[in-house]
Amino acid sequence: MTYFITTADINPVNLLQKAVKEMAEKIDHRTNSDPDQFEKGLNEQVRILNKKYPRCTPVKVSDSRRHSLVEDSDFSFFLNAGNWYLYIYFHAIKGEAKL
């Protein structure tokens with residue numbers, strides 16, 4: 001499945017939040033990603049960043065990632081640390097999309 005990815009966040013205020021936002025911005029918007037595989041990689045990347053910036057409030061990835069907002073194949077992740085959040089939404093694209 002090919003996905004169009006959108007993100008929304010509150011402006012980051014510390015190094016960890018900025019690093020997580022930069023990581024999310026590097027996600028390939030034409031990704032062919034299995035949700036389970038993506039979640040595993042996302043959790044690992046967030047774990048590494050949390051460890052790299054131990055003085056910052058750790059970022060948590062939400063447990064409930066699947067949302068049927070448009071299609072059953074759509075999914076999203078909610079990352080948060082205190083009052084800061086980052087929302088990553090994957091919208092399934094049928095056919096070929098050019099960005």
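Read-outs: derived from the displayed coordinates by stated rules, not from any lab. In this text, all values refer to a predicted model and were calculated from it rather than measured experimentally. Note that we place each Cβ from the backbone using ideal geometry, even for glycine, and neighbour counts take in every protein chain shown.
Descriptive notes on the structure:
- For segment 44-60, 3J(HN,Hα) per residue [Karplus equation, 6.51 cos²θ - 1.76 cosθ + 1.60, θ = phi - 60°, Hz, x = Gly/Pro]: 5, 5, 5, 4, 5, 5, 4, 5, 5, 10, x, 7, 8, 4, x, 8, 10
- Neighbourhood charge, 15 Å Cβ-Cβ cut-off, centred on N11 and excluding it, Lys, Arg +1 and Asp, Glu -1: -1
- Extension gain from A8 to R55, taking 0.36 nm per residue of separation minus the Cα-Cα distance: 14.5 nm
- Amide hydrogen neighbours beyond the local backbone of Y85, cut-off 5 Å, H modeled: I10
- Extension reserve of the I27-L15 stretch, reckoned as 0.36 nm per residue once the Cα distance is removed: 2.4 nm
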